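Single-structure report; data block below.
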Amino acid sequence: MPTAPATAKEHALADAVASEATLRRFLQGLPGVDAVGLEARAAALGTRSIKTTAKAYAIDLAISMIDLTTLEGADTPGKVRALGAKAVNPDPTDRSTPRTAAVCVYPDMVATAKAAVAGTDVKVASVATAFPAGRAALDVKLGDVREAVAAGADEIDMVIDRGAFLAGHHMKVYEEIRAVKEASGSARLKVIFETGELSTYDNIRRASWIGMLAGADFIKTSTGKVGVNATPANTLLMLEAVRDFRAATGVQVGVKPAGGIRTSKDAIKFLVLVNETVGEDWLDNHWFRFGASSLLNDLLMQRQKLATGRYSGPDYVTVD
């Protein structure tokens with residue numbers, strides 16, 4: 001079994017983060033991404049046909065991998081309690097429906113979410129580090145993290161400083177992730193790259209390696225707050241990165257595509273990517289998640305259709 005995530009200074013790639021210069025050389029030495037080949041492979045895997053029995057399994061697996069999310073300025077305690085109840089019992093008419101992996105909220109709603117899922121294995125994740133832009137001083141970002149952890153967050157979803165990354169200040173990004181990892185304590189850390197703002201696949205690959213070298217438990221595509229979020233191609237690239245990182249270090253890191261995944265068909269395509277790229281070791285909600293709000297409703301409707309032969313329509317599920 002792969003070991004728990006560690007910082008680069010604790011494993012075989014310690015020399016890569018000895019300085020800004022060594023980190024730059026390491027990142028520049030990563031293989032360049034064949035964009036055409038990457039997109040073609042992602043598209044080809046998305047055409048795989050899924051038999052009915054496999055589809056039923058995939059739908060339940062996808063439900064169990066969802067971080068059920070509300071990240072709006074209009075969030076209220078009542079909305080968060082309702083979200084927690086839905087995570088614990090997604091379909092009140094069918095108790096065999098899996099629970100979601102987590103609920104994801106802002107730091108000030110963590111205590112409310114924690115109470116809503118108390119006594120279950122549903123985790124509470126909190127976005128932090130001046131989400132979604134990440135434009136704040138480090139002490140402010142760390143305060144954000146500590147507030148969420150003190151309130152009971154099991155997981156922290158941080159955003160990287162994209163400005164620093166794009167300006168070539170890779171060591172700054174690395175050190176910031178390390179500082180957030182330390183502030184997170186026992187909470188698992190998901191590092192969000194905002195892939196839609198990184199411009200190139202090469203940048204996504206480099207950001208993935210920085211996150212993993214710094215001790216990320218998960219690498220995550222997006223905040224869901226920009227025009228381009230999770231895509232099959234950028235998720236495939238990140239899956240290849242965690243595969244290669246484990247081969248180099250023995251350390252396993254999870255992947256979380258977030259934003260824009262709304263249908264069962266979409267979710268199943270992503271599960272095929274996981275299975276074909278990194279295999280069964282990642283087909284578990286400890287290592288793969290979907291960041292989503294509306295995806296769960298479609299999965300529930302498709303699940304009922306498989307069970308009854310009838311499509312219920314949107315009135316069958318609660319409106320988030």
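You will find that of VAL251, VAL255, the residue that is over 14 Å from the mean Cα position of the chain (by Cα) and surrounded by 20 or more Cβ atoms within 10 Å (Cβ to Cβ) is VAL251 and no other. Identify the single condition in (1) open to solvent by less than 10 Å² (accessible area, probe 1.4 Å); (2) farther than 22 Å from ASN229 by Cβ that VAL140 does not satisfy, given that it satisfies every other one. Unmet for VAL140, out of (1) open to solvent by less than 10 Å² (accessible area, probe 1.4 Å); (2) farther than 22 Å from ASN229 by Cβ: (1).
How many of the residues in the stretch 177-198 are of a type in the set (D, E, K, R) and buried (at least 22 other Cβ atoms within 10 Å of the Cβ)? Spell out the reasoning first.
Filtering the stretch 177-198 down to residues of a type in the set (D, E, K, R) leaves 178, 181-182, 188, 190, 194, 197.
Applying the additional criterion that residues be buried (at least 22 other Cβ atoms within 10 Å of the Cβ) yields 181, 190, 194.
Residues that pass the stated criteria total 3.
Looking at the stretch 127-142, can you tell me whether even one residue there is under 30 Å from GLY309 (Cβ atoms) and aliphatic (A, V, I, L, M)? No, the stretch 127-142 has no match at all.
Scanning the stretch 264-312 for residues that are open to solvent by 40 Å² or more (accessible area, probe 1.4 Å), more than 17 Å from the chain's Cα centre (by Cα) and of a type outside the set (D, E, K, R) turns up GLN304, LEU306, ALA307, THR308, GLY309, TYR311, SER312. Close contacts from the stretch 96-123, counting a first residue that is at negative phi and a second that is open to solvent by 70 Å² or more (accessible area, probe 1.4 Å) and outside any loop (DSSP other than H, G, I, E, B), with Cβ to Cβ under 6 Å and a gap of 6+ residues or different chains, come to ALA102/LYS123; PRO107/GLU147; ALA116/ARG81. The condition (being more than 20 Å from the chain's Cα centre (by Cα) and basic (Lys, Arg)) is satisfied by just one residue among LYS79, LYS86, LYS114: LYS79.
Taken over the stretch 217-228, the criterion of being over 13 Å from ARG289 (Cβ atoms) and at pLDDT 95 or above is satisfied by THR223 alone. Look at GLU240 and say whether it is at pLDDT 95 or above, touching a helix residue (DSSP H, G or I) at 6+ places or on another chain (Cβ under 7 Å) and on the phi > 0 side of the Ramachandran plot. Taking the combined requirement at face value, the residue does not satisfy it.
The values are calculated or read from the model by the stated rules, or taken from the named source; none is laboratory data. Being a predicted model, the structure only gives us computed values, none of them experimental. Cβ atoms come from the backbone with ideal geometry, glycine included; neighbour counts cover every protein chain shown. Note: areas computed on protein heavy atoms with side chains; ligands, DNA, RNA excluded. Shrake-Rupley method; radii C 1.70, N 1.55, O 1.52, S 1.80 Å.
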